[in-house]
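Report on the structure given below.
What follows is calculated from the coordinates using simple rules that are stated; it is not laboratory data. Computed from a prediction, not measured in an experiment: that's the story for all the values here. Neighbour counts are summed over all protein chains in view; Cβ atoms, including those assigned to glycine, are modelled from backbone coordinates with ideal geometry.
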Amino acid sequence: MLTREQWGARAPKGPGGKRTALTPAPITSRTEFVVHYDDATPVIINGLEQLKSRMRGMQVFHQGPERGWVDIGYNLLVASSTDPIINGLIVEGRGRDVVGAHCPNHNTTGIGVQVMIGGNQQPTPEALNAVRDLYDQACKDAGRKLTIMGHRDGYSTECPGQILYPWLLKGMPRPTTKTIPAPELDPWTRHARPEDDEWDILDTIQLTLCRLGKQTIPPCANLSLINALRSTWALPPVTEAVYGRDLVRKMQEWGGRLTVNGILSAETARRVTKVMNDQLTGKGL
């Protein structure tokens with residue numbers, strides 16, 4: 001397991017940013033095992049350092065103003081990757097035996113586990129086996145069989161997606177195959193997040209645009225967001241959650257002080273977000 005200390009977790013924080021303690025939820029009080037995915041966008045993680053960075057970014061977002069939680073929402077996470085070093089690696093979120101923030105009305109009774117995939121991305125057999133290991137151990141420690149749930153069973157959402165959910169309905173059987181390498185994705189046009197602590201750029205841009213009154217689409221509607229942005233610069237719509245280099249170039253031109261190369265780098269993410277926030281606060285460019 002990759003522990004909180006190993007990935008560089010910050011301390012839980014309460015009102016006013018003050019350090020706080022997490023609420024215990026003894027395993028003997030648990031009755032549910034709730035499985036999640038990330039969102040509608042495929043998750044690409046290559047290497048341990050990228051995994052650690054993603055965890056830190058997720059915690060920052062969950063503790064930030066958009067969510068306002070005391071800590072990362074999930075109790076545990078499982079990496080799914082073509083990188084054998086991290087594939088199937090269990091990651092400590094809040095920790096198994098504390099109250100989470102992953103599904104309303106199920107945060108105390110349920111252990112929240114995120115499989116680090118998105119959209120119609122296939123989880124690796126190693127990741128599925130790791131989830132099953134967590135479930136079997138939790139049932140053993142609880143002294144009862146926990147109810148297997150998807151996020152959608154307790155909340156109005158697509159999570160955990162059309163790939164994971166049928167697996168849950170079958171009782172999370174162990175796969176009999178090993179990882180088949182996934183097709184490569186262009187990380188700058190198909191992977192919607194820069195591979196840095198600014199990994200949640202979609203939500204950040206979307207929420208800022210909402211504050212500016214430019215659009216009112218719901219959080220995590222990645223395809224709708226991208227097409228709303230493309231429409232702003234009179235670019236044709238796309239049918240999947242892909243920025244496209246043409247859109248990234250327009251964003252870079254608009255943000256200024258950036259190399260216009262169509263690469264959605266962390267530098268581009270920071271600059272575009274800053275310009276949006278400057279507009280919001282009346283500072284201009």
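Tabulated values for the structure
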item: Footprinting exposure proxy for Cys159, Cys139 (fewest neighbouring C-beta atoms within 10 Å first); result: Cys139, Cys159
item: At 0.692 mPa s and 37 °C, Stokes diffusion of region 1-93 via Kirkwood alpha-carbon radius, µm² per second; result: 227
item: Exceeding the 30 Å Cα-Cα cut-off - candidates Lys18/Lys52; Lys140/Lys170; Lys52/Lys274; Lys52/Lys170; Lys13/Lys274; Lys18/Lys274; result: Lys52/Lys170
item: Net charge over other residues, Cβ less than 13 angstrom from the Cβ of Gly171 (K, R count +1; D, E count -1); result: +3
item: Under 12 Å, Cβ to Cβ, from Ala21 - net charge with Lys/Arg +1 and Asp/Glu -1; result: +3
